[in-house]
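Worksheet: one structure, shown below.
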Amino acid sequence: MIRLFKNFEKKDLIIILTIIVLVAFSVFLDLRMPEYMSEITRLVQTETSTMNEILIAGAHMIICAVGSLVCTIVVGYFSSLLSARFSRSIRRKIFAKVESFGIAEIKKFSTSSLITRTTNDVTQVEMLLSMGLILLIKAPIMAVWALLKIIGKSGELSLVTGVGVILIVITNMFIIKTVSPRFAKIQKLTDKINGATRENITGIRVVHAFNAEKFEQKRFNDVNEELTGIHLKITKTFALMDPMMNFVMHFQHLGIYIVGAFLIVNSGMIDKINLFSNMVVFASYGMQVIISFLMLTMIFMVLPRAQVSANRINEVLDSEVSIHSGTFDGDTEDVGTVEFRDVSFKYPDADEYLLKHISFTANKGETVAFIGSTGSGKSTLINLVPRLYDATDGEVFVDGVNVKSYDIKALNNKIGYIPQTAVMFTGTVSENISYGDNGKEKPTLEKIKKAIEVAQGKDFVEKMDDKYEAHIARGGTNVSGGQKQRLSIARAIARDPEIYIFDDSFSALDYQTDAKLRRELKKYTKDATSLIVAQRIGTIMNADKIIVLDKGECVGIGTHKELLKSCKVYKEIALSQLSEEELQNA
C-alpha cells in the first residue's frame, strides 16, 4: 500500500497536508465543546454566575460547531479531489504499463485479471482514500487528544473509559484477523467471474450452437456462489461491529454515571460541583474516544480489501517487461531485408523448443512464404520480426540490424503487420485504415481509397452508408470475416511499410478474391518485402522463396517447383490440396 502511495504528485502532498491541518483543527474544535459544556454546567450550579456568562459559553460552543462543520465540508471536498486524481493517475499508469507488455506478460496475468486490476482494484484504493484518509487522520488524533483531556482528572472514571477502549480494540483485532484472508479470495474470484463472463459473451454464437447455455450458467454460478458466500461471511463478521459498538458506548456511558453518582454521594458539598462537571466531561470525551475507535473500525472494513487491491496493482506496475526497447532509430542503408541466423525459440516456462535452428534471408522486393502443418511454428516465427516475442537463441535482423537494438517504434514503422485474426476498432472505415502512427503523415483520403482498392474492398465499402466514413462497430461486428480481413490488409498497405507480414491473412477470402488481391498487391508493393504465412498452396506457389516447417524445424527452402521435387513434406501438403495435374500446370 505504501509503495502505491509513492505515486502521489507534489500537488497531492500539498492537499494531504491541508487535510491533516484542517482535520486537526476540526478535532480541536470538537474537543473544545465538552469544556464549554462543563463550564456551562458549573455556571448553572454557581449562584454568583450571570446569564450573560452562560450565553457567552454557549456562543463559543456554537462557533466551535460551525467551525468544525466548515472544516469537515472542506476536508470532504479535498479528499474527494485527492482520491479522484490518484485513481486517475494509477489507471493511466496501469494502462501504460499494460501497453508496454509483450504477449508473454498478457498471458501471465490474463485479460480478465488486467481489466479487474484497472477498474475494481483501483476503485477499492480510491474508496480507502476518499473515506479512509479522513478517518485515518481524525481517529488517532481525536482518541489521543480526548484521552489526554481526561487522564488525571478522575482515576475511577478513567478506568471505566479504559475498559471500553480495551473491548473495542479486542473486537477490531478479531474482525481484522477474520476477514483479511478472505479479501484476497474475493479479488481472485472477481477475476474468475469477469473471465467467465467475458469468455461467454465472446463465444456466445458457439454457446448457442452447441446448446451449452446450462453448462455456461453452471460454470458462472459456481464462481458466483463462491464469491457470494465469502461476501456473506465477511458481512456477518462486520455485523458484530455495530451492536458491539453500541453495547460498549452505552454501557460506558452508564458506567461513568454510576461511578460518578457514587463519587458524588460520598463527597463533600464543595467537591460535588466539580465531580458533576467532571462526569459530564468524561461522558462527552468517553463518547469521543468510542467514536474514534468506531472510525478505525470503519477503516478496517475497507483497509484489508484495499491492501489486497494495492498489492495486485503493484504486481502489474512492478512486473518486468520481457521486451525492452533499444535505441537504434531505424536509419539504415539496407531496406526491406529480413534475416534469421540460427534462431531457436521456446515459450516462457516451456521445456521444449517450438522453433529449432531456423536460418534464412528475405531480400528487398522478395515474397517469402511459410507453410507447414498446424503447430509447426509458422505464426510464432514471423512474430519474432516485430518482437511480439524475442528469439530464445540466435538472432533476427531487419535491414542488417538486430531487432533487439531497434527502438520499438522505429522497428514498427518499418513493418505492416496483418494478424491472423483481423482486428477492427470502433470508428469509421477511414479511421481504421489510417489507424496508428508510423512516423509519417496520416494517410490522405486518396491514399486510404487506394489501399482499400488494392485490398479488394472498394466494392463493399462504397456500398455502405457514408462509404469511407461508414461506422465500424466494436470488433467489426457489422462486417463479415472476409471484409474485416481486407480492411486489415488495407490498414497495412496505407502505411507504405518496407516489410509486410501476413499471418494467414487470406484465409477468409475466396480463391478468386485471394488471387486478385495478391496480384494487385504484388504490383503495388513491388519494392517491399512480404512474409506470408498460409495454409493454401495456391496462395504461396508464386512466392520467390517458400520455407517449409515441420515440428519447428526447417525441412525445405526453395520455389514451388523445386520443393515439389526435393521436399517430401511440401509435396504431401500440395497433393492434399491440388491434383498432380494442377500442380504440374501451376
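The values are calculated or read from the model by the stated rules, or taken from the named source; none is laboratory data. Everything quoted here is computed from the prediction, not taken from an experiment. Quick reminder, even Gly has a Cβ in these numbers, built from the backbone with ideal geometry, and neighbours come from all protein chains shown.
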Do we have Lys218 as surrounded by fewer than 16 Cβ atoms within 10 Å (Cβ to Cβ) and modelled with pLDDT under 75 here?
no
Out of (1) over 20 Å from Gln288 (Cα atoms); (2) in contact with a Ser or Thr (Cβ under 6 Å, 6 or more places away or on another chain), the odd one out for Asp30 is which?
(1)
Identify the residue in the range 462-487 that is of a type in the set (S, T, N, Q) and out of contact with any Ser or Thr (no Cβ under 7 Å at 6 or more places or on another chain) and, among all such residues, is surrounded by the most Cβ atoms within 10 Å (Cβ to Cβ).
Gln483
Within the range 398-411, residues being on the phi > 0 side of the Ramachandran plot and part of a strand (DSSP E or B) number 0
Exclusive hit being within 14 Å of the chain's Cα centre (by Cα) and assigned by TED's automatic domain parsing to the domain that holds Phe183, set Val21, Val74, Val122
Val122
Between Ala57, Ala96, which is assigned by TED's automatic domain parsing to the domain that holds Ile299, surrounded by 13 or more Cβ atoms within 10 Å (Cβ to Cβ) and in a helix (DSSP H, G or I)?
Ala57
When you go through Ile141, Ile175, Ile170 one by one, which is the residue that is free of Cβ contacts under 8 Å to residues at least 24 places away in the same chain and either exposed (fewer than 14 other Cβ atoms within 10 Å of the Cβ) or assigned by TED's automatic domain parsing to the domain that holds Met279 (or both)?
Ile170
For Lys545, state whether it is over 42 Å from the mean Cα position of the chain (by Cα) and either among the hydroxyl-bearing types (Ser, Thr, Tyr) or exposed (fewer than 15 other Cβ atoms within 10 Å of the Cβ) (or both).
no
Evaluation of Ala494 against (1) crowded, with 22+ Cβ neighbours inside 10 Å; (2) under 22 Å from Asp342 (Cα atoms) (one fails), failing number:
(2)
Do we find a residue being among the β-branched types (Val, Ile, Thr), over 18 Å from the mean Cα position of the chain (by Cα) and within 30 Å of Asn383 (Cα to Cα) anywhere in the range 108-119?
no
Those residues of the range 312-331 which are buried (at least 16 other Cβ atoms within 10 Å of the Cβ) and out of contact with any helix residue (DSSP H, G or I) (no Cβ under 7 Å at 6 or more places or on another chain) amount to Ile323
I'm told Ile186 meets every condition in (1) among the hydrophobic types (A, V, I, L, M, F, W, C); (2) in contact (Cβ under 8 Å) with a residue 24 or more places away in the chain; (3) within 17 Å of Phe247 (Cβ to Cβ) except one. Can you identify the failing condition by its number?
(3)
When the range 514-540 is examined, which residues are found to be part of a helix (DSSP H, G or I) and farther than 18 Å from Glu366 by Cα?
Asp514, Lys516
Determine, yes or no, whether Gln252 is part of a helix (DSSP H, G or I), in contact with an Asp or Glu (Cβ under 7 Å, 6 or more places away or on another chain) and surrounded by 15 or more Cβ atoms within 10 Å (Cβ to Cβ).
no
Arg341 in contact (Cβ under 8 Å) with a residue 40 or more places away in the chain, in the same structural domain as Tyr389 (by TED's automatic domain parsing) and not in a loop (DSSP other than H, G, I, E, B)
yes
Residue satisfying all of: in the range 101-131; small (Gly, Ala, Ser) and farther than 16 Å from Ile313 by Cβ; surrounded by the fewest Cβ atoms within 10 Å (Cβ to Cβ) among these
Ala104
Does the range 24-43 contain at least one residue that is at pLDDT 75 or above, surrounded by 12 or more Cβ atoms within 10 Å (Cβ to Cβ), assigned to a helix (DSSP H, G or I) and within 25 Å of the chain's Cα centre (by Cα)?
no
Selection from the range 82-92 of residues that are under 23 Å from Leu17 (Cβ atoms) and surrounded by 15 or more Cβ atoms within 10 Å (Cβ to Cβ):
Leu82, Ser83, Arg85, Phe86, Ser87, Ser89, Ile90
Are any residues in the range 443-461 of a type outside the set (Gly, Ala, Ser) and surrounded by 14 or more Cβ atoms within 10 Å (Cβ to Cβ), and if so, which ones?
Pro443, Lys447, Ile448, Lys449, Lys450, Ile452, Glu453, Val454, Gln456, Lys458, Phe460, Val461
For the range 199-233, the count of residues that are in a helix (DSSP H, G or I) and within 30 Å of Val423 (Cα to Cα) equals 16
Residue that is outside the structural domain of Asp331 (by TED's automatic domain parsing), of a type in the set (Val, Ile, Thr), surrounded by 22 or more Cβ atoms within 10 Å (Cβ to Cβ) and in contact (Cβ under 8 Å) with a residue 12 or more places away in the chain, where the choices are Thr513, Thr529:
Thr529
Log entry, pairs with first residue in the range 33-59 being without any contact (Cβ under 8 Å) to a residue 24 or more places away in the chain and over 14 Å from Tyr285 (Cβ atoms), second being in a loop (DSSP other than H, G, I, E, B) and among the polar types (S, T, N, Q), beta carbons closer than 6 Å, six or more apart or on different chains, reads Leu43/Ser49
Selection from the range 374-422 of residues polar (S, T, N, Q) and either within 29 Å of the chain's Cα centre (by Cα) or crowded, with 17+ Cβ neighbours inside 10 Å (or both) yields Ser376, Ser379, Thr380, Asn383, Thr392, Asn412, Asn413, Gln420, Thr421
Can you tell me which residues in the range 344-390 are free of Cβ contacts under 8 Å to residues at least 40 places away in the same chain and not in a loop (DSSP other than H, G, I, E, B)?
Thr361, Thr380
